[in-house]
Amino acid sequence: MSLRLYNTLTRQVDEFQPLEGNTVRMYTCGPTVYDYAHIGNYRTFVFQDILRRYLEYKGFQLRHVVNLTDVDDNTIRKSQAAGMPLRAYTDKYSAAFQIDRQLLNLEDPEFLVRATEHIGEMVKLIQTLVDRGYAYASDGSVYFKVAAFPHYGQLTQIDLSGARAGARVDTDKYDKNDVRDFVLWKAAKPGEPFWETPFGPGRPGWHIECSAMSMQYLGETFDIHSGGSDLIFPHHENEIAQSEAATGKTFVKVWVHSEHLIVNGEKMSKSLGNFYTLRDLIARGYKPSAVRYLLASVPHRKPLNFTFDGVHQAQQSIDRLRNFRFRLTKESFPAGTSTVLQAHAQEARQKFEAALDDNLNSAEALGAIFDMVRDGNTAMDHGDFRDGDRGAFLDTLERWDRVFAVLDDNDHAKLLKFGLIKPSAVAAADSAAEAGKDAMGLEVGNGQPASMLVETLSDEAIEKLLAERTGARGHGNYARSDEIRASLLNAGVILEDTKAGTRWKRK
Ligand code: AMP
Ligand code: ZN
């Protein structure tokens with residue numbers, strides 16, 4: 001079967017075929033490097049890694065570009081506040097991004113590129129737009145003239161014709177002729193870093209960065225462009241306008257957007273302050289592989305609600321898979337093969353491939369593998385598993401993990417390598433693992449503060465604690481009962497004891 005992907009542009013699931021030969025040319029918008037990326041960002045990056053890995057699994061070659069936005073309002077403002085040159089400041093967070101990528105098993109793209117190293121290409125593209133009548137200068141800045149591009153809005157499919165020319169509906173401090181117009185080049189303000197260009201000293205707008213870098217490495221028309229759904233408008237809509245106005249060609253064939261990681265119904269974001277970095281979670285004892293698993297577990301077009309319980313369950317799921325693999329390789333079984341079991345393993349492989357072919361339905365792909373693990377474990381427990389059955393099961397597991405990449409237990413080694421835990425913690429975690437326990441609660445070595453958020457508990461976790469509290473009260477253990485009330489309060493949950501029992505609500 002071939003891979004089918006939902007294309008935001010066509011609003012349907014289309015069969016995927018590269019435009020040229022066997023190589024997939026793909027651009028995924030990377031982070032703005034003014035701070036640590038949060039795990040919401042990583043939901044999108046993990047999804048893009050699953051897409052990348054599955055394309056490879058299907059036998060395609062990848063030519064994949066990821067960019068670092070290392071110049072924009074945020075990077076400039078934050079570097080100035082830190083009293084650091086822009087490059088030194090963004091270097092710190094680019095390095096952190098690289099470390100997080102390795103911790104989360106994100107494959108290296110063929111090109112990881114910085115905006116500030118491609119200013120020449122951006123200037124050239126802006127010049128083309130000016131020459132072709134799609135852009136104009138005003139007060140040292142250059143704007144894209146949306147009225148000159150009739151296809152504007154094709155990705156978003158919103159009608160912007162009602163927006164009045166000259167109206168000021170946003171906080172943009174630059175002067176433009178039409179409210180829909182967007183900035184390509186920003187005139188330098190005093191004290192800001194700038195590049196000298198024919199338009200005057202300044203810096204690129206965010207959208208032009210991605211158009212210039214993607215077309216430089218992938219050509220004027222390429223296969224896939226991806227980002228979180230918040231990038232559809234205006235970022236990707238503007239990228240299409242700039243690129244297609246400049247080249248007269250289709251910019252991208254398939255647009256793939258992932259839905260958000262949310263916390264209590266709201267998008268996880270820096271501005272709302274409801275975010276965790278990967279380091280925050282490591283500091284709380286969660287393994288990067290569990291974070292990866294959690295982020296990959298929900299299909300990308302559905303929002304994913306973040307809870308600590310979710311990461312914990314992800315960790316348990318991985319343990320289950322690793323234990324099964326351990327049994328497959330280490331346990332002894334009677335000689336022979338079982339046709340039924342072999343068929344189970346093959347069926348699981350077909351099912352997970354069919355699920356991923358279906359617009360990367362990761363939840364179904366997980367379901368297929370867990371069905372296989374259940375059948376395999378049951379057969380082993382009942383003495384039905386045969387020595388000759390190992391290969392089929394190991395093969396399906398290995399294939400599945402080429403895409404999900406969570407089975408190799410190298411979390412500790414990586415955390416140690418990047419100084420995120422101390423050696424002593426590794427020993428403790430190893431002995432915990434040997435004792436068959438969960439290696440939670442790693443000692444943190446880099447002094448990275450956990451974020452200031454209160455914990456988010458799932459309804460199930462709350463009910464569980466409530467049941468424990470009722471039990472404790474029944475045994476007269478009021479100290480424990482009070483402790484549970486306090487920790488729930490800390491997590492934003494208020495208890496109310498009534499005659500009918502204990503009720504709870506979130507703050
Ligand atoms: P930024 O660093 O803000 O440019 O974002 C980098 C990537 O993360 C973009 O593709 C965003 O769409 C994506 N992103 C930001 N917040 C979230 C979130 N809460 N859930 C999923 N993806 C997100
Ligand atoms: Zn972009």
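The values are calculated or read from the model by the stated rules, or taken from the named source; none is laboratory data. All of these numbers come straight from a predicted model, not from anything done at the bench. Neighbour counts are summed over all protein chains in view; Cβ atoms, including those assigned to glycine, are modelled from backbone coordinates with ideal geometry. Surface accessibility is based on the protein's heavy atoms, side chains included, excluding ligands, DNA and RNA. Shrake-Rupley method; radii C 1.70, N 1.55, O 1.52, S 1.80 Å.
Normalising by the residue count of the range 259-383, find the relative contact order in percent from Cα pairs under 8 Å and 6+ residues apart.
For the range 259-383, the relative contact order is 24 percent.
Can you pull the percent of the range 42-170's accessible area that's carbon plus sulfur, 1.4 Å probe, other chains left in place?
Values: 2680 of 5560 Å².
After summing per-atom areas, the C and S share lands at 48 percent.
On a 0 to 90 degree scale, rounded to 10, what angle separates helix 459-474 from the longest Cα axis of the chain?
Roughly 40 degrees between the two axes.
Treat every Asp and Glu Cβ in the range 1-141 as -1 and every Lys and Arg Cβ as +1, leave all other atoms uncharged, and give the resulting dipole magnitude about the Cα centre to the nearest 20 debye.
In total the dipole reaches around 200 debye.
Just going by the charge dipole of the chain, with Lys and Arg at +1 and Asp and Glu at -1 on Cβ, which of PRO85, LEU415, THR339 is farthest out on the positive end?
After comparing all options, I get PRO85.
Any idea of the accessible area per residue across the range 250-408, 1.4 Å probe, to the nearest Å²?
So the range 250-408 comes to 40 Å² accessible per residue, rounded to a whole number.
Which angle between 0 and 90 degrees, to the nearest 10, do you get for helix 206-218 versus the longest principal axis of the chain when only C-alpha atoms count?
80 degrees
Do the sum for the chain: with -39,500 (n - 2.57) for every DSSP H run of n ≥ 4, divided by all residues, what is the mean residue ellipticity at 222 nm, to the nearest 500 deg cm²/dmol?
Estimated from H runs of four or more residues: -14000 deg cm²/dmol.
Nearest 10 degrees is fine. How inclined is helix 362-381 to the longest principal axis of the chain, computing both from alpha carbons?
So the helix axis and the longest Cα principal axis differ by about 20 degrees.
Given +1 on the Cβ of Lys and Arg, -1 on the Cβ of Asp and Glu, and no further charges, what dipole in debye does the chain carry about its Cα centre, rounded to the nearest 20?
With only Lys, Arg, Asp and Glu charged at Cβ, the dipole is about 880 debye.
Below 8 Å between Cα atoms, with a sequence gap of 6+, how large is the relative contact order for the range 323-397 in percent? Could the numbers behind the result be given before it?
On the way: 73 pairs, mean separation 39.0, N = 75.
Contact order relative to length: 52 percent.
Cα centroids of the range 122-141 and the range 299-336: how far apart, whole angstrom?
About 53 Å separates the Cα centre of the range 122-141 from the one of the range 299-336.
Taking a threshold of 19 Å on the Cα-Cα distance, which of the pairs LYS145/LYS270; LYS186/LYS267; LYS330/LYS422; LYS78/LYS189 fall above it?
LYS145/LYS270; LYS186/LYS267; LYS330/LYS422, as the Cα separations exceed 19 Å there.
Pairs of alpha-carbon atoms within less than 8 angstrom and 6+ residues apart define the contacts here; what relative contact order does the chain have, in percent?
The normalised contact order for the chain reaches 16 percent.
Can you send over the carbon and sulfur percentage of the accessible area for the range 204-316, probe radius 1.4 Å, protein chains only?
Solvent-exposed carbon and sulfur of the range 204-316 make up 50 percent of the total.
For the chain, just the Cα atoms, rotate onto the principal axes and tell me the three extents in Å, largest first.
76, 58, 47
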